[in-house]
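The values are calculated or read from the model by the stated rules, or taken from the named source; none is laboratory data. Computed from a prediction, not measured in an experiment: that's the story for all the values here. Heads up, the Cβs are rebuilt from the backbone with ideal geometry, glycines too, and the neighbour counts pull from every protein chain shown. SASA here: full protein model, heavy atoms, side chains in, ligands and nucleic acids out. Shrake-Rupley method; radii C 1.70, N 1.55, O 1.52, S 1.80 Å.
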Amino acid sequence: MKYFSLNHKAPKVTFKDAVINGLAPDKGLYYPERIEKLPSSFFDRIETLDHDNIAYEIIKPFVGEDISTEDLKSILKTSLNFEFPIVDIDDNIKALELYHGPTMAFKDVGARFMARCLGHFSHHHTEEKVTVLVATSGDTGGAVASGFLGVKGIDVVILYPSGKVSNVQEKQLTTLGQNIIALEVNGTFDDCQSMVKQAFLDEELKSKFTLTSANSINVARWLPQMFYYFFAYKALKHTGKKLVFSVPSGNYGNICAGMMAQQMGLPIHHFITGTNANKVVPKYLNSGDYQTMSSIQTISNAMDVGAPSNFIRIRELYKNDFELLKANLSGYSYSDEETTAAVNQLKHAFDYTADPHGAIGYLALKDYFNAHPADDVLGLFLETAHPIKFLPVMPKFIAEQIEMPPQIKQLMDKTKKSKMISTYKELKSAIL
Ligand SMILES: *Cc1c(COP(=O)(O)O)cnc(C)c1O
């Protein structure tokens, strides 16, 4: 499989180079040349396959010859060593919990797969050390730090906006040490992201290091996010119902992966994106006019993204056909007040503790069902992180009842190690 740049001004590359480069030299996102449908026999027998084998069938065409069957299978096995439970909420509503990995966020899936691929390539093909640069608005940093911890030949530099991530999130990315370096940026997530972008264009840095990104633009983080849509289908196939997925979205990598899964033949009836005040995509779906904005801070901070980097991939998937996209995707946005009310409602009506992102997924699913009532449709909202990661913004009485999972508890006693920076110059000297 070859990948081309969505800016169309860079050479095509194989999976390996797409993973190592992160972004194409013309600053475009990589995109696979072909998206092939899986054979119908795969869907006929999916309930007899385990998660590792399902994942292998899905990812194999995208990896091509760059990783041997045996190595790819072992990468998958260690990347996906946790559960993806589906929890009943209401009659036609379920939560797909993606947070049972080591850092309790869905980003563990992509981060672990990418770390293992990159570790594989660095070990087998290059003597050079690879430096991973990543900007995080909260959840990415922890998942990347944990995924890459101790991976030989790779250093990780994480930038996060000072004071804008929760205590648990900050501990997850600043306490590991070893090959993980945390930089606390005096600014917003967008500032972090633009510093990372600048580093990738810096000739001096590029001459000295192999720099890559672990943001969701990297194909090795983006593509494995297809897996759990298939896992959910496997679990619910026996119901005979059509499935709609409501995905709380920020950079639109997660939902885009779901759309890829659909393109590979996974029977998904419809997609819903829920978001906060950063409502670029819902607005676009209403007006046809795509206007990025400066990010607005909310209580669902992993979605505080004013210029969603993966949306261009969604457009490519739909060949820029607005009507076609609109027929497959509904979008809704919610205020912090509405989000908190939904967290409360889920607790009181269904005894379910959702984090603010999952709660937005739930709200969007309900609004979709109100507009499109149907008996033969099951809705799943993606619960993208454990509520413990968002304690400060959870209603107090719910927060008090959340038990601290063991992997979080042992973090809280560790000491934060990070360096405060304000400018690109400081980032550069930290890397150098
Ligand atoms: C990253 C994140 C999102 C947004 O996912 P995208 O792929 O960027 O759209 C939603 N919820 C949580 C908890 C996240 O960490």
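Quick notes on this structure:
- For the stretch 212-231, the candidate set comprises residues that are outside any loop (DSSP other than H, G, I, E, B) and among the hydrophobic types (A, V, I, L, M, F, W, C); within that set, the residue that is nearest to the ligand (Cβ to nearest atom) is Trp222.
- Qualifying residue in the stretch 201-212 (condition: among the polar types (S, T, N, Q), open to solvent by less than 20 Å² (accessible area, probe 1.4 Å) and modelled with pLDDT of 90 or more): no
- The number of residues in the stretch 106-132 being closer than 25 Å to Met412 by Cα, away from the ligand (no atom under 11 Å from the Cβ) and touching a strand residue (DSSP E or B) at 6+ places or on another chain (Cβ under 8 Å) comes to 1.
- For the stretch 281-298, taking the residues that are within 25 Å of Val219 (Cβ to Cβ) and touching a strand residue (DSSP E or B) at 6+ places or on another chain (Cβ under 9 Å), the one that is farthest from the ligand (Cβ to nearest atom) is identified as Tyr284.
- Some residue of the stretch 299-310 being out of contact with any strand residue (DSSP E or B) (no Cβ under 9 Å at 6 or more places or on another chain), within 12 Å of the ligand (Cβ to nearest atom) and among the β-branched types (Val, Ile, Thr): yes
- Filtered residues of the stretch 150-174 (kept if in a helix (DSSP H, G or I) and either among the hydroxyl-bearing types (Ser, Thr, Tyr) or closer than 21 Å to Ile421 by Cβ (or both)): Asn167, Gln169, Glu170, Lys171, Gln172, Leu173, Thr174
- Filtered residues of the stretch 360-400 (kept if in a helix (DSSP H, G or I), in contact (Cβ under 8 Å) with a residue 60 or more places away in the chain and within 16 Å of the ligand (Cβ to nearest atom)): Ile360, Gly361, Tyr362, Leu363, Ala364, Leu365, Ile388, Lys389, Phe390, Leu391, Pro392, Val393
- Selection count, the stretch 279-290, where residues are open to solvent by less than 60 Å² (accessible area, probe 1.4 Å) and more than 17 Å from the chain's Cα centre (by Cα): 6
- Residues (among the basic types (Lys, Arg) and either closer than 15 Å to Thr273 by Cα or within 16 Å of the ligand (Cβ to nearest atom) (or both)) located in the stretch 325-359: Lys326
- Among the conditions (1) at pLDDT 95 or above; (2) closer than 22 Å to Thr188 by Cβ, the only one that Ile431 does not satisfy is (1).
- Residue within the stretch 353-363 that is closer than 30 Å to Lys242 by Cβ and of a type in the set (Phe, Trp, Tyr) present: yes
- Scanning the stretch 293-303 for residues that are hydroxyl-bearing (Ser, Thr, Tyr), more than 15 Å from Thr339 (Cα to Cα) and surrounded by 13 or more Cβ atoms within 10 Å (Cβ to Cβ) gives a single hit, Ser295.
- Top-ranked residue in the stretch 232-249 [being outside any strand (DSSP E or B), of a type outside the set (S, T, N, Q) and open to solvent by 10 Å² or more (accessible area, probe 1.4 Å); ranked as nearest to Ala374 (Cα to Cα)]: Lys241
- A count restricted to the stretch 72-113 and to residues that are open to solvent by 50 Å² or more (accessible area, probe 1.4 Å), closer than 28 Å to Tyr31 by Cα and at pLDDT 95 or above stands at 3.
- Unmet requirement for Gly258, which otherwise passes all of (1) open to solvent by 10 Å² or more (accessible area, probe 1.4 Å); (2) touching a strand residue (DSSP E or B) at 6+ places or on another chain (Cβ under 9 Å); (3) within 12 Å of the ligand (Cβ to nearest atom): (1)
- Single residue of the stretch 114-147 satisfying the filter (among the β-branched types (Val, Ile, Thr) and under 15 Å from Val19 (Cβ atoms)) that is surrounded by the most Cβ atoms within 10 Å (Cβ to Cβ): Val144
- Lone qualifier among Ser79, Ser74 - being in contact with a Lys or Arg (Cβ under 6 Å, 6 or more places away or on another chain), hydroxyl-bearing (Ser, Thr, Tyr), farther than 20 Å from Gln263 by Cβ and away from the ligand (no atom under 16 Å from the Cβ): Ser79
- Residues of the stretch 148-189 satisfying the condition of being hydrophobic (A, V, I, L, M, F, W, C), open to solvent by 20 Å² or more (accessible area, probe 1.4 Å) and in contact with a strand residue (DSSP E or B) (Cβ under 8 Å, 6 or more places away or on another chain): Leu149, Ile181
- Tabulated pairs, the stretch 38-51, first among the polar types (S, T, N, Q), second open to solvent by 20 Å² or more (accessible area, probe 1.4 Å), C-beta under 8 angstrom, 6+ apart or interchain: Ser40/Gly265
- All positions within the stretch 401-421 that are assigned to a strand (DSSP E or B) and more than 17 Å from Gly142 (Cα to Cα): Met420, Ile421
- Test: residue in the stretch 298-320 that is of a type outside the set (D, E, K, R) and over 22 Å from the mean Cα position of the chain (by Cα): yes
- Filter result for the condition that a residue is acidic (Asp, Glu), loosely packed, with under 13 Cβ neighbours inside 10 Å and more than 24 Å from the chain's Cα centre (by Cα), over Glu426, Glu400: Glu400
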